[in-house]
Amino acid sequence: MTEHAGMSGLLEGTVAIVTGAGQGVGEGIAAALAAAGAGVVIAARRPDNGEPAAEAIRAQGGQALFCRCDVTRRADVDAAVSAALEQWGRLDLVVHNAVSPPGPPRPIQEIDDETIALQIATSTTAVFHCAQAAFDELRANGGSLILLTSPSGIEGSGHLPLYGAVKGAQRGLLKSLAREWGPHGVRVNAIAPVAWTPAMDTATAANPTLEARLLGRTPLGRIGDPTTDIGPVAVFLASELSRHMTGQTLAVDGGRYLGL
């Protein structure tokens, strides 16, 4: 299991659900949470990557199980919560990372209704599903919700206007939930990452100038790693180290976005 300095044991005894954890940023976050001691539900649509992600954690001595979950279906999200309770008897954290691929850059006039509906369902409506399904357990355990948003949701995107819109909506939801849930001891924060993932491979294949453009705007000069760069930030937000933080978005992107 991947180790991070100062992270071991921070989440010992806690339980997390990570949506879209079969690959990419979600898989990296799940591995980091497990390395910090959490039991992790890998909530992913596809068993062919979800089960191997859980097995990789178990092979390194961590605790993980796979639960098939399409976050656009409330019943699937409820099932992921039930799986956590059946396996470990509690739930302390939900990380909503699942996303519908934004596709190639295109103007808003060319975006079809099906794509609009799927993006909204996966990135925005699914936040409501996660929040409604998990709130009772998070309140009981003083837990937290972490959303994976994007710099595009902060500064907008001239290349992916729909993606920027749904990611911006996530930030509005997290601020509202932070206000509503704060009195109950439940924290809500977000990470806006830039990391190299299979989705990034697809995006750069569709847009060959993307990688050079990202690197040119990144002061640290590299694209982040899901496990070693993004994962520890999720551990921080889930742990007592961030106990006085809520309603915040952390841009973990090598300095690409400096407008917060």
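The values are calculated or read from the model by the stated rules, or taken from the named source; none is laboratory data. Quick caveat, the model's predicted, so the values are computed rather than measured. Virtual Cβ from ideal backbone geometry, glycine too; neighbours counted across all protein chains shown. SASA here: full protein model, heavy atoms, side chains in, ligands and nucleic acids out. Shrake-Rupley method; radii C 1.70, N 1.55, O 1.52, S 1.80 Å.
Hydrodynamic estimate: the Kirkwood radius of region 1-92 over Cα pairs, inserted into Stokes-Einstein at 20 °C and 1.002 mPa s, corresponds to D of 169 µm²/s. Solvent exposure of region 103-260 amounts to 47 Å² per residue of accessible area, where only protein heavy atoms count and the probe is 1.4 Å.
Show log10 I(q)/I(0) for region 90-134 at q = 0.17, 0.30 Å⁻¹, two decimals, from a solvent-free Debye sum over equal Cα scatterers. Debye output, listed in q order: -0.57, -1.11. Summing Lys and Arg as +1 and Asp and Glu as -1 over all other residues whose Cβ lies under 12 Å from the Cβ of L214 gives a net charge of +2.
Accessible area of Y257 (1.4 Å probe, protein heavy atoms only, ligands and nucleic acids ignored): about 40 Å². Each residue of region 230-242 is assigned a 3J(HN,Hα), and the resulting list reads 8, x, x, 5, 5, 4, 4, 5, 7, 9, 5, 4, 10 Hz, derived from the Karplus form 6.51 cos²θ - 1.76 cosθ + 1.60 (θ = phi - 60°), x at Gly and Pro.
Between the alpha-carbon centers of region 61-119 and region 149-226, tell me the distance in whole angstrom. Region 61-119 and region 149-226 have Cα centres spaced 16 Å from each other. Taking amide hydrogens as placed 1.01 Å from N in the peptide plane, the amide H of A192 sits under 5 Å from those of T149, L250, A251, V252, each at least 5 positions away in sequence or on another chain. Evaluating 6.51 cos²θ - 1.76 cosθ + 1.60 at θ = phi - 60° for every residue in region 145-161, the Karplus couplings come out as 10, 10, 9, 9, 9, 7, x, 5, x, 9, 10, x, 9, x, 9, 10, x Hz, glycine and proline recorded as x.
The Rg/Rh ratio for region 67-166, using Cα coordinates for both the radius of gyration and the Kirkwood hydrodynamic radius, is 1.05. Note on the chain: along the principal axes its Cα atoms extend 47, 38, 35 Å, ordered by decreasing extent.
Quick one: pull the percent of accessible area on region 102-231 belonging to carbon and sulfur, 1.4 Å probe, ligands and nucleic acids left out. The value for region 102-231 is 56 percent carbon and sulfur by accessible area.
Remark on I17: its backbone amide H falls under 5 Å from those of V41, L93, V94, V95, a criterion applied only to residues 5 or more positions apart or on other chains, H modelled at 1.01 Å from N.
What the Cα convex hull of region 137-177 gives, in volume per residue, is 63 Å³. Around S150, what is the net charge, scoring Lys/Arg as +1 and Asp/Glu as -1 over all other residues with Cβ under 10 Å from its Cβ? Taking every Cβ under 10 Å from that of S150, the sum is 0.
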